[in-house]
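Written below as structure tokens is the structure these notes are about.
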Amino acid sequence: MAAAPPPVSSPPALRRIALAGNPNAGKTTLFNALTGMRQRVGNYPGVTVEKKEGRARLGNGIAASILDLPGTYSLSPKSPDEEIARDVLLGLRSDTPAPDVVVVVIDASNLVRNLLLATQILELGLPTIIALNMIDMAQKAGHAIDAGALSRELGAPVVEIVASRGIGLDDLCETLSGPIDVPRPPRVTLPAELEEARRELARFLPPHDDFSPDGVALRLLCGNAPVEAVNRAFGPDVAQTLAQLRHNGVETSDETNARYAAIEPVVARVQRQNAAVAKHSFTDRADHIFAHPFWGLVAFFGIVLLVFQAIYSFSEWPMTAIESLTGFAGDFLSSRLPDGPLRDLLVRGVIAGVGQVIIFLPQIFILFFFLGLLEDSGYMARAAFVMDKHMSRVGLHGRAFIPLMSSFACAIPGVMATRTIDNPRDRLTTILIAPLMTCSARLPVYMLMIGTFIPEIKVFGFVSSRALTMISLYILGVVAAMGMAWLFKRTMFKAPTPHLMIELPPYRLPAPRNVLLVMWERGSEFLKRAGTTILALSILLWFLLNYPRLAPSQIEPPATPEKIAAIQTQNSFAGRVGHAIEPVIAPLGFNWKIGIGLIGAMAAREVFVSTMGTVYSVGEADVESKPLRQAMREDRWSDGRPVWTTLTAVSLLVYFVLAMQCVSTLAIVKRETGGWKWPIFMQVYMTALAWGASFVIFQGGKLLGF
């Protein structure tokens, strides 16, 4: 009797497809190529791991929902990203159904390592297609792969593609739109104890059309899956048996060695290697520079300087244009609406709030354009490799350097750039210290304080004391960031200094479509996700600065518009808070007027200058405003002492270096960490740090007679 043909998966009307693969295998490039702009980006519920879904047309009238799983080297997870990939493929997440089909994206130039994950997925019994990606790069590296032979060895369809150039995508879509055989992967000979445990657990797995009991049992044993999720997905018998086997101490670490022992003969049969070509590849030659301990560092700083300069220079004119557009919109409404709370809300609350959101867009677009180029070209892994030794001295990951450098322009894109850090503790540490880097929004405050209260003295006959003060503020921010990173990594995020285990992918030309999609995705996500929070907080701050409204009878005539605005601000909720916190900030040399300025600066640090203009009744003010400077010099405490001295200015400068004076950054941190816990912690620790440092500066200066 002839053997029954293997079961096949017939395509439903909407096919759920999961893309899985190692980091740097080109999985996201394939996702972008298939879905284009039809993407949704969010987070998996309960975690901060990003969830990317999109729609595609496969042909034959079949629509597909495509899920881009986090990159993973194995289904024995060591990070939250890898846990998500395992849970989705095993059907352990109630919010994400198991896929109908899995596409495993493989880097053709590194078959052995990529087939570890591929064979684990094939053993699950899910209909699976192998997408052999970057086949052109493999050929240049001297790898000749027989895709047909590989398909026979793995018992699954293998499609050759070059996702970055769209090659082979029609063949992949055609394969996806038809029936797909259940895979028949090569048998892995496991250690006897592990094999016996797998059989024991497989006996309790209920019959399932889409899963192989043996494959699922092995992944439950070796994948550290939560028992609660296993109970929900497979029933109490499986969960209890799994818990008992774990209690008995089944050794699972030998699975990887056993799997490689099965994979290596397969690769030897399907791949031929031209050693002469591989030895002289462009990647090897380029790495003599970019991965060199010294020249790699020089190249890295050159590239970072280019990115840093681009964020500053290229964003200047679009940011100016956005600022002008915001001003035009405010003037337009002001000229057409009667004076009153509604006009004030729309102009100074809504439009100003929107302006504070979209003015960051050019910097975010430019940053993620360059990060996309560096990631897609393969250089980002070299940057992490080169910087890892230096960053590890304070317990940080090598990938933390670029987000911290980006924060010199603005903490918002810097915080968003931490997504390149895979370890959640290292990522959170980097997020918490990124706002300590001196961003461009602090510069107006620095310029006002330095230009007004720091005397111009030539140090060594040629170095400006004001320039030294500015440089010192930047250095203080860096030292504080490194110090807090060192402290966090030895206390609440205590863990061994991270060892960088990273693949150095081959260099390749970035795919313009992929880079632009990443740039657009991050920019639009910032607007959609963070914009609402930032706008709401901006309106709240406007309300605090403008209410309760004073009746005309409460203002003694004659009063100029500037005087009326000052009286209104002083008697507002924010003004009352400024008066209330004066005893707390007086030890720093600050009075209640400075307190109001600190509250106003929460909308954006540079708002401190205009808030001071309102408080001192000089109207609209900037860093060059002579009336504001004069009014600040003339301000007095009740006993006649001047409020503003050089020591007060230095104390305030130190406060602004270290304090978390930006609701926009807090909103982004809330978005990136999935809740308000860490933004509140950031606000508290940075305020305490700033208060303590300013207290030491001011009180110490007084003791020394300054």
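Read-outs throughout are calculated quantities, based only on the coordinates presented, and are distinct from any laboratory measurement. Predicted, not measured: the structure shown is a model, and the values here were computed from it. Neighbour counts are summed over all protein chains in view; Cβ atoms, including those assigned to glycine, are modelled from backbone coordinates with ideal geometry.
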(message) Loop-only trypsin sites (Lys or Arg not before Pro) in the stretch 321-411, please: DSSP not H, G, I, E or B, and at most 12 other Cβ atoms within 10 Å.
(response) none
(message) Could you tell me the center-to-center distance, by alpha carbons, between the stretch 97-156 and the stretch 650-699 in angstrom?
(response) 48 Å
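A 22 angstrom limit on the alpha carbon distance is what I want to check against. Which of K458/K593; K27/K389; K52/K494; K389/K677; K389/K489 exceed it?
Values: K458/K593 33 Å; K27/K389 29 Å; K52/K494 31 Å; K389/K677 31 Å; K389/K489 16 Å.
Those over the limit are K458/K593; K27/K389; K52/K494; K389/K677.
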(request) Sort 28-36, 447-455 for me by packing, meaning the mean count of neighbouring Cβ atoms within 10 Å per residue, highest on top. (result) 28-36, 447-455
(message) I want to check the label-to-label distance for L337 and K626. Put each point 7 Å from Cα in the C-beta direction and report it in nm to one decimal.
(response) 3.5 nm
(request) Give the calculated FRET efficiency between R199 and E264 to the nearest 0.05, with a Förster radius of 30 Å applied to their Cβ-Cβ distance. (result) 0.70
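Please give the length that would be gained between N248 and D344 if that part of the chain were fully extended, namely 0.36 nm times their separation in residues minus their C-alpha to C-alpha distance (nm, one decimal).
Details: separation 96, 0.36 × 96 = 34.56 nm, distance 6.95 nm.
Going from the current span to full extension adds 27.6 nm.
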(message) Can you give me the distance in nm between label points at Y685 and A149, each placed 7 Å from the Cα along the Cα-to-Cβ direction?
(response) 5.5 nm
(request) About the Cα centre of the stretch 544-703, how large is the charge dipole given +1 on each Lys and Arg Cβ and -1 on each Asp and Glu Cβ? Please answer in debye to the nearest 20. (result) 300 debye
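Hey, with R₀ at 25 Å, roughly what FRET efficiency would L306 and S472 work out to, going by the Cβ-Cβ distance, to 0.05? Don't skip to the answer; put the middle values down first.
Values: r = 26 Å, r/R0 = 1.04.
About 0.45, to the nearest 0.05.
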(request) Measure nothing but the geometry: give the 0 to 90° angle between the long axis through the Cα atoms of 443-453 and the longest principal axis through the Cα atoms of the chain, rounded to 10°. (result) 30 degrees
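Give me the number: length gained by fully extending D181 to L14, i.e. 0.36 nm times residue separation minus the C-alpha to C-alpha distance, one decimal in nm.
58.3 nm
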(request) Note down the nm distance, to one decimal, between modelled labels 7 Å out along Cα→Cβ at D95 and at F543. (result) 2.8 nm
(message) Principal axis extents for the stretch 295-494, Cα atoms only, whole Å, descending order, please.
(response) 61, 48, 35
(message) Using +1 at the C-beta of Lys and Arg and -1 at the C-beta of Asp and Glu, which of W637, V609, S651 has the Cα lying farthest in the positive direction of the dipole of the stretch 544-703?
(response) S651
(message) If I model the stretch 544-703 as equal point scatterers sitting on the Cα atoms and use the Debye formula, what is log10 I(q)/I(0) at q = 0.11, 0.13, 0.15, 0.20 Å⁻¹?
(response) -0.48, -0.66, -0.86, -1.36
(request) Among DSSP beta bridges whose residues both lie in the chain, state the antiparallel percentage, nearest 5. (result) 50 percent
